[in-house]
Amino acid sequence: MIDAVTRAVRRVPPAWAVVAGIAVIVVAAGLTAGLAALGGPSPSPTPTAPVETPAASPTVASSLAPGASAASVGPVTSTVPAGWQPTFPIRAAFYYPWYPEAWKQQGLDPFTRYHPSLGFYDSSSSSVISEQIAAMQYGNISVGIASWWGQGTRTDVRLPAILAATGEAAFRWAVYYEPEGQGDPTPQQIRDDLTYIAAHYASDPAYLRVDGRFVVFAYANSGETCAMADRWAEANTVGAYVVLKVFNGFRTCQHQPDGWHQYGPAAADSSQRGYSYTISPGFAKATEASPRLARDVERWTASVASMVASDAPWQLVTTFNEWGEGTSVESASEWQSASGFGTYLDALHARGPAGIAPVH
């Protein structure tokens with residue numbers, strides 16, 4: 001049974017994510033008051049930031065906090081032969097390329113309780129992307145699941161730079177299909193988007209594939225039924241490897257996707273037996289007086305151990321850098337450590353997925 005907390009709808013449509021002159025996401029008429037209470041970012045519109053020329057993958061020294069020693073952690077960014085893809089179990093983190101727009105919203109600037117070690121950065125910056133890839137690799141994370149709000153949105157415009165910055169690193173990307181969380185996109189809309197992703201990104205060496213099929217995770221709202229799985233089954237004529245978000249009764253659906261996941265960072269752990277195991281460091285939204293899940297490094301370390309022991313094919317971290325909701329494991333001054341990557345990534349560094357040695 002999925003509890004009400006982990007089933008809560010997280011997002012509201014991001015007006016700031018739309019490239020000027022292109023409206024691709026609308027509010028679904030059926031969204032409830034719970035969405036407004038529990039929803040995620042809806043930053044104020046700002047001009048689209050330019051996509052920079054990607055830089056080479058960084059060394060550890062570029063990712064360390066001031067005063068930290070690179071010798072304490074050794075090289076992080078590893079390279080792999082052409083055509084490399086990670087194999088199960090895969091550790092992946094949800095990743096948000098919606099900055100600087102999302103730093104200022106709902107009357108707050110910055111829209112976060114915390115202070116990222118990289119500062120209030122720009123997601124278009126190739127140097128920022130490269131340092132974030134190195135940080136995730138340090139945490140034995142081999143895949144970033146990048147929030148994607150549709151064709152022509154800022155998260156779409158930034159994706160080529162994200163893929164390019166990966167270079168030859170042992171790291172891959174998949175999109176997190178957000179429109180499903182805004183209503184019920186038709187099979188035709190989903191098919192058009194999958195065709196677009198296939199044409200623009202799936203052939204990139206840095207894009208994640210399982211058994212040769214490009215991977216797409218899809219968010220969803222709390223009221224979904226098997227009708228969502230039916231729509232995706234009808235839409236997926238391009239051979240995508242689809243991982244849908246769970247809902248009550250998902251195992252009984254006639255049409256089953258390739259995988260299921262939970263996105264509910266108000267819960268420290270969530271096991272979807274046979275499919276995925278998800279962990280969260282905390283949930284402290286910028287606009288709320290108290291955390292929905294308080295941060296606790298000891299509990300987090302235990303969650304990491306439980307995730308590894310689960311041997312689930314998808315081992316998921318919510319999140320790498322969702323700063324507005326305070327679910328980030330990316331380094332911040334509030335949890336900095338001698339490694340320069342912060343205590344939450346340190347715990348992930350110490351325990352890689354089963355059968356995979358930690359990066360040293």
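Could you tell me whether the range 234-303 comes out rounded, prolate or oblate from its Cα gyration tensor? Rule is a ≥ b ≥ c as square roots of the eigenvalues, rounded for a/c under 1.5, then prolate if a/b exceeds b/c, otherwise oblate.
Verdict is prolate for the range 234-303.
Which listed residue (Tyr275, Leu316, Ala294) has the Cα farthest towards the positive end of the charge dipole for the range 270-360, taking +1 on Lys and Arg C-beta and -1 on Asp and Glu C-beta about the Cα centre?
The one lying farthest along the dipole's positive direction is Tyr275.
For the modelled label position 7 Å from the Cα of Thr195 along Cα-to-Cβ, which residues of the range 236-258 have backbone nitrogen atoms closer than 16 Å?
Taking a point 7 Å out along Cα→Cβ of Thr195, the residues of the range 236-258 whose backbone N falls under 16 Å are 236-240.
Would you please give the residues with an amide H less than 5 Å from that of Gly342, counting only those at least 5 places away or on a separate chain, with H modeled from the backbone geometry?
When sequence neighbours closer than 5 places are left aside, the close amide H contacts are Ser337.
Once you put a point 7 Å from the Cα of Glu168 and another 7 Å from the Cα of Ser333, both along the Cβ direction, what distance in nm separates them?
3.9 nm
Among Val304, Val246, rank each residue by its count of other Cβ atoms within 10 Å, from fewest to most, as a rough exposure measure.
The order, fewest Cβ neighbours first, is Val246, Val304.
Ranking Ser117, Ser126, Ser331 by Cβ neighbours within 10 Å, fewest first, what do you get?
Placing the least packed residue first, the sequence is Ser126, Ser117, Ser331.
If you average the alpha carbon positions of the range 162-203 and of the range 232-309, how far apart do those two centres end up, in angstrom?
19 Å
Can you give the extra length, in nm with one decimal, that the chain gains between Ala227 and Gln188 once fully stretched, where that is 0.36 nm per residue apart less the Cα-Cα distance?
Using 0.36 nm per residue and subtracting the Cα-Cα distance, I get 12.6 nm.
Using a simple charge model, +1 on the beta-carbon of Lys and Arg, -1 on the beta-carbon of Asp and Glu, nothing else, what dipole does the range 73-232 show about its Cα centre, in debye to the nearest 20?
300 debye
Would you mind ranking Arg154, Arg91, Arg213 by Cβ crowding within 10 Å, fewest neighbours first?
Arg213, Arg91, Arg154
Taking the Cα centre of the range 220-352 as origin, work out the dipole magnitude from +1 charges on Lys and Arg Cβ and -1 charges on Asp and Glu Cβ, in debye rounded to 20.
200 debye
The numbers here are math on the coordinates, done by the rules we state, and not lab data. All of these numbers come straight from a predicted model, not from anything done at the bench. With ideal geometry, Cβ positions are generated from the backbone for all residues, glycine too; neighbour counts draw on all protein chains shown.
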